[in-house]
Amino acid sequence: MALAGLGLRRAAVSTLRLSLTTGSPSRRRAAHFTFQPDPEPTQYGQTQKMNLFQSITSALDNALSRDPTAVIFGEDVSFGGVFRCTVGLRDKFGKDRVFNTPLCEQGIVGFGIGIAVTGATAIAEIQFADYIYPAFDQIVNEAAKYRYRSGDLFNCGSLTIRAPWGCVGHGALYHSQSPEAFFAHCPGLKVVVPRGPIEAKGLLLSCIEDKNPCIFFEPKIMYRAAVEQVPVDPYCIPLSQAEVLQDGSDVTLVAWGTQVHVIKEVAVMAQEKLGVSCEIIDLKTILPWDVETVCKSVAKTGRLLITHEAPVTGGFASEISSTVQEECFLNLEAPITRVCGYDTPFPHIFEPFYIPDKWKCYDAVRKMINY
Amino acid sequence: MTREQGLQYYKTMQTIRRMELKADQLYKQKIIRGFCHLYDGQEACCVGLEAAINRTDHLITAYRAHGFTYTRGIPVREILAELTGRISGCAKGKGGSMHMYAKNFYGGNGIVGAQVPLGAGIALACKYFGKDEICVTLYGDGAANQGQIFETFNMAALWKLPCIFICENNRYGMGTSVERAAASTDYYKRGDFIPGLRVDGMDVLAVREATKFAADHCRAGKGPIVMELQTYRYHGHSMSDPGVSYRTREEIQEVRSKSDPITLLKDRMVNNNLASVEELKEIDVEVRKEIEDAAQFATTDPEPPLEELGNHIYYKEAPFEVRGPNQWTRYKSVG
Ligand SMILES: Cc1ncc(C[n+]2csc(CCOP(=O)(O)OP(=O)(O)O)c2C)c(N)n1
Ligand SMILES: [Mg+2]
């Protein structure tokens, strides 16, 4: 599996080359989205050019500097991790604060809960979101319910679990999954997915500071491909607040992570080809999600399209769809539409067909307008 | 070892070696994509093992599965075609490097450690049906630290299941050496209440003899046994890992020159007048030809049709519809 990179700079470079063959001659393998950087933020001081994995490193660096109780652990993290997110941190903060675990996800998360329940800050890395399932019990039954079942006497709120997430190009069944909906079914957890480097840093620092166990899914296809001017100092971007990235009047498009860039392109296409004005929302936090921002938007536009890579049945789009239907029934001009992954395992060679790309989303917008 | 056996082991190991090197080449040409884990260096494990069990015995391993797929009877062309994602691949092009299967070979498993409890279940079936069959269950030194392995040891010993647990210790789990990952690197002892053997996994005869002993133990109804095969992978963990930053080039070179499984067997055969150097060279030529033909096949065979996307999700007598990316796209799925 595994991309494998491991600790090594060269490994990781080629790792990502393997995945992100945007410029490759074989057109079929071209990435299905174009990353659109956010503007440089001005309110947090000096910025630096960083890609997604560097902005994660920067956030972790800030967290370790500010909080002497913070520790980072996971498979191969002390050499930088498969995706380079922890490069240099062991050397800077010491091997008692940044350390490798054996290969045992259930143990990693359980161990993290133990650290967190003492009040220390635990930042665990699961090498791929696809490998989080051995730890599913610890997350769902232990982490999520600790506070509730102890009548607020105990909690593991200072636990954050990071994991690379989503399609990457050639990842096949076990390096491509988007399991956010499994965890969205679990009160007590927070689940967050950033759309780019600036957002990633601010949201990750919020997760680390948040007093609840958080799962932070990092769109791995963007680790190197996404570059922005990221503030060097720590800053927080609030959880459970969606962001309207573009105002519009005809259709609301909702996504998170990589798909945000897909819907941005769709909005341009819809404007140019159909004269349709789209409102774009990045949900950011999947649980607990920002119902108000989404519903306000749909009340205005009357149409909602939600898109994610995970299979359509039981995906988080279904939850959004049914909530919006309850809240905005009389505002709706067309059925709420989901553009998602097929109800199949994430396929090996059929990935280009599986991805809910801009063409599928655009087609859906067209049908909604003509409904 | 007879001359015929020696020649056969030599040819099989050489075929696996050449197949892996061809896969490396196809990968670098971007004909094979995604995740690909090669087995070169570890050939004596699968060949020695297979020489000591029967085809009717059962075998399950992790994702480093190309060698076992071959020794379990799948021709090179179907393995390479699986790697290139073609219709004639042994999993119809739908599995890829980590997911290959054959009769009595249960794969090819991507989740580290997950195959081990399955092995115990297969062993229970062997016992239940009373057919004198056993299950060989393989995992890596990294996988040895997963909790499921210990759960399985307990069940297998409790129910005296005919299961050989084999830890292929190639000294690394991705970039982590065994010393950095395991409180005890005596993997053969980690079954605690299960007897264990430590075996030179670079010596095909040592592997064969140890496996015969272990298989007899299981068939005699004495319950499971653990075997640690000390081996080495020449390639990095997967194709994106050059494999030289967590270990030295000298270390790899030393293994290659002192304990390469193919060279060891070759020297042994030549020194004992079981075969001549020329004869072995002829085999090499034959093997090369087979690999070239297989590669040619694997690069020209067609890709599976798109309808395959929706197939094999459930067992269904009547085809059903798979929900697609939106409410207008559906795929027929047949079982
Ligand atoms: C549950 C799970 N966690 C992590 C991974 C990623 N991963 C794949 S292989 C591997 C190392 C396994 O090492 P080992 O068991 O020694 O087998 P080897 O690669 O040496 O054959 C890791 C961490 C995975 N596939 N599954
Ligand atoms: Mg290993």
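Just wondering, is there one or more residues in the stretch B:189-202 that are surrounded by 17 or more Cβ atoms within 10 Å (Cβ to Cβ) and assigned to a helix (DSSP H, G or I)?
Of the stretch B:189-202, the ones surrounded by 17 or more Cβ atoms within 10 Å (Cβ to Cβ) are B:190-191, B:194, B:196-202.
Then keep just the ones that are assigned to a helix (DSSP H, G or I); that gives none.
Within the stretch B:189-202 (the criterion being surrounded by 17 or more Cβ atoms within 10 Å (Cβ to Cβ) and assigned to a helix (DSSP H, G or I)), the answer is no, since none of the residues qualifies.
Since B:Asp200 meets every condition but one in (1) within 14 Å of chain A (Cβ to nearest Cβ); (2) of a type outside the set (Ser, Thr, Tyr); (3) away from ligand 2 (no atom under 16 Å from the Cβ); (4) touching a helix residue (DSSP H, G or I) at 6+ places or on another chain (Cβ under 7 Å), which condition does it not meet?
The one condition B:Asp200 does not meet is (1).
Considering (1) more than 19 Å from the chain's Cα centre (by Cα); (2) under 27 Å from A:Phe99 (Cβ atoms), say which one B:Phe129 fails and leave the rest.
(2)
In the stretch A:107-127, which residues are more than 10 Å from chain B (Cβ to nearest Cβ) and closer than 23 Å to A:Ser176 by Cβ?
So in the stretch A:107-127, the residues more than 10 Å from chain B (Cβ to nearest Cβ) come out as A:108-109, A:111-126.
Passing the criteria: A:Ile108, A:Val109, A:Ala124, A:Glu125, A:Ile126.
What's the number of the only condition in (1) within 14 Å of another protein chain (Cβ to nearest Cβ); (2) within 16 Å of ligand 2 (Cβ to nearest atom) that B:His99 fails to meet?
Going through (1) within 14 Å of another protein chain (Cβ to nearest Cβ); (2) within 16 Å of ligand 2 (Cβ to nearest atom) one by one, B:His99 breaks only (2).
B:Thr15 fails exactly one of the following numbered conditions: (1) of a type in the set (Ser, Thr, Tyr); (2) over 24 Å from B:Asn311 (Cα atoms); (3) out of contact with any His (no Cβ under 6 Å at 6 or more places or on another chain); (4) within 16 Å of ligand 1 (Cβ to nearest atom). What is the number of that condition?
Here B:Thr15 meets the rest and fails (4).
How many of the residues in the stretch A:85-106 are within 14 Å of chain B (Cβ to nearest Cβ) and within 16 Å of ligand 1 (Cβ to nearest atom)?
Count: 9.
Only residues that are within 12 Å of another protein chain (Cβ to nearest Cβ) and not aliphatic (A, V, I, L, M): list them for the stretch B:175-191, please. Walk me through it before giving the result.
Filtering the stretch B:175-191 down to residues within 12 Å of another protein chain (Cβ to nearest Cβ) leaves B:175-185.
Answer for the stretch B:175-191, where residues must be within 12 Å of another protein chain (Cβ to nearest Cβ) and not aliphatic (A, V, I, L, M): B:Gly175, B:Thr176, B:Ser177, B:Glu179, B:Arg180, B:Ser184, B:Thr185.
Looking only at the stretch B:11-49, which residues are in contact with a Pro (Cβ under 7 Å, 6 or more places away or on another chain) and among the acidic types (Asp, Glu)?
Selection gives B:Glu43 alone.
On the basis of being of a type in the set (Phe, Trp, Tyr) and away from chain A (no Cβ under 14 Å), does B:Tyr63 make the cut? Write out each step before concluding.
Working: of a type in the set (Phe, Trp, Tyr): yes; away from chain A (no Cβ under 14 Å): no.
No.
Can you spot a residue in the stretch B:156-179 that is surrounded by fewer than 17 Cβ atoms within 10 Å (Cβ to Cβ), of a type in the set (Phe, Trp, Tyr) and either in a helix (DSSP H, G or I) or modelled with pLDDT of 95 or more (or both)?
yes
Search the stretch B:229-243 for residues being more than 7 Å from chain A (Cβ to nearest Cβ) and among the hydroxyl-bearing types (Ser, Thr, Tyr), and hand back the single one that is surrounded by the most Cβ atoms within 10 Å (Cβ to Cβ).
It comes out as B:Thr231.
Condition (residue is under 22 Å from B:Glu228 (Cβ atoms) and either surrounded by fewer than 22 Cβ atoms within 10 Å (Cβ to Cβ) or more than 14 Å from chain A (Cβ to nearest Cβ) (or both)) applied to the stretch B:28-39: is it met by at least one residue?
Start the filter on the stretch B:28-39 by keeping residues that are under 22 Å from B:Glu228 (Cβ atoms), which leaves B:37-39.
Keeping just the survivors that are either surrounded by fewer than 22 Cβ atoms within 10 Å (Cβ to Cβ) or more than 14 Å from chain A (Cβ to nearest Cβ) (or both) gives B:39.
Within the stretch B:28-39, one or more residues are under 22 Å from B:Glu228 (Cβ atoms) and either surrounded by fewer than 22 Cβ atoms within 10 Å (Cβ to Cβ) or more than 14 Å from chain A (Cβ to nearest Cβ) (or both).
Using the structure shown, decide if B:Met227 is within 16 Å of ligand 2 (Cβ to nearest atom), in contact (Cβ under 8 Å) with a residue 24 or more places away in the chain, touching a Leu at 6+ places or on another chain (Cβ under 7 Å) and more than 19 Å from B:Met13 (Cα to Cα). Don't jump to the end; show me each part of the working.
Working: within 16 Å of ligand 2 (Cβ to nearest atom): yes; in contact (Cβ under 8 Å) with a residue 24 or more places away in the chain: yes; touching a Leu at 6+ places or on another chain (Cβ under 7 Å): yes; more than 19 Å from B:Met13 (Cα to Cα): yes.
Here the answer is yes, as B:Met227 does meet what is asked.
Quick one: what pairs do we get from the stretch B:99-114, first residue touching a residue at least 24 places away in the same chain (Cβ under 8 Å), second of a type in the set (Asp, Glu), C-beta under 6 Å, 6+ apart or different chains?
B:Met100/B:Glu82
Can you pull out the residues in the stretch A:49-78 that are assigned to a helix (DSSP H, G or I), surrounded by fewer than 24 Cβ atoms within 10 Å (Cβ to Cβ) and over 18 Å from the mean Cα position of the chain (by Cα)? Before you say what the answer is, go through the steps one by one.
So in the stretch A:49-78, the residues assigned to a helix (DSSP H, G or I) come out as A:52-66, A:77-78.
Cutting the leftovers down to surrounded by fewer than 24 Cβ atoms within 10 Å (Cβ to Cβ) gives us A:54, A:57-58, A:61-66, A:78.
Selection gives A:Asp61, A:Asn62, A:Ala63, A:Leu64, A:Ser65, A:Arg66, A:Ser78.
Name every residue in the stretch A:93-111 that is surrounded by 21 or more Cβ atoms within 10 Å (Cβ to Cβ) and either aliphatic (A, V, I, L, M) or under 16 Å from A:Thr160 (Cβ atoms) (or both), in order of residue number.
Selection gives A:Val98, A:Thr101, A:Leu103, A:Glu105, A:Ile108, A:Val109.
Output the residues belonging to the stretch B:207-228 that are buried (at least 18 other Cβ atoms within 10 Å of the Cβ) and more than 21 Å from B:Lys127 (Cα to Cα). Step through it out loud before you land on a result.
To start, the set of residues in the stretch B:207-228 that are buried (at least 18 other Cβ atoms within 10 Å of the Cβ) comprises B:207-208, B:210-211, B:214-215, B:217-218, B:223-228.
B:Val207, B:Arg208, B:Ala210, B:Glu228 - these are the residues of the stretch B:207-228 that are buried (at least 18 other Cβ atoms within 10 Å of the Cβ) and more than 21 Å from B:Lys127 (Cα to Cα).
List, please: which pairs have Cβ atoms under 8 Å, are six or more places apart or on different chains, and start with a residue in the stretch B:129-152 that is within 14 Å of chain A (Cβ to nearest Cβ) and more than 20 Å from A:Phe136 (Cα to Cα) and end with one that is assigned to a helix (DSSP H, G or I) and of a type in the set (S, T, N, Q)?
Close Cβ pairs satisfying both conditions: B:Tyr139/B:Gln115.
Quick check, is A:Gly80 facing chain B (nearest Cβ under 10 Å) and under 20 Å from A:Lys211 (Cα atoms)?
Details: facing chain B (nearest Cβ under 10 Å): yes; under 20 Å from A:Lys211 (Cα atoms): no.
Criteria not met by A:Gly80.
So, in the stretch B:267-306, exactly how many residues are in a helix (DSSP H, G or I) and within 10 Å of chain A (Cβ to nearest Cβ)? Steps first, answer last, please.
Filtering the stretch B:267-306 for residues in a helix (DSSP H, G or I) gives B:267-271, B:277-300, B:306.
Narrowing the set further to residues that are within 10 Å of chain A (Cβ to nearest Cβ) leaves B:306.
Residues flagged as in a helix (DSSP H, G or I) and within 10 Å of chain A (Cβ to nearest Cβ) within the stretch B:267-306 amount to 1.
If a residue counts only when it is more than 11 Å from A:Thr252 (Cα to Cα) and of a type outside the set (Gly, Ala, Ser), which strands (runs of 3 or more DSSP E) contained entirely in the stretch A:266-344 have at least 2 such residues? Show your work before the answer.
Working: elements: A:278-282, A:285-287, A:304-311, A:337-341.
Hits in the stretch A:266-344: A:285-287, A:304-311, A:337-341.
For the stretch A:313-371, name all the residues that are more than 8 Å from chain B (Cβ to nearest Cβ) and among the charged types (D, E, K, R).
Those that are more than 8 Å from chain B (Cβ to nearest Cβ) and among the charged types (D, E, K, R): A:Glu319, A:Glu326, A:Glu327, A:Glu333, A:Glu351, A:Asp357, A:Lys358, A:Arg366.
The values are calculated or read from the model by the stated rules, or taken from the named source; none is laboratory data. The structure displayed is predicted, hence computed values, not measured ones. Backbone-built Cβ (ideal geometry, glycine too); neighbour counts: all protein chains shown.
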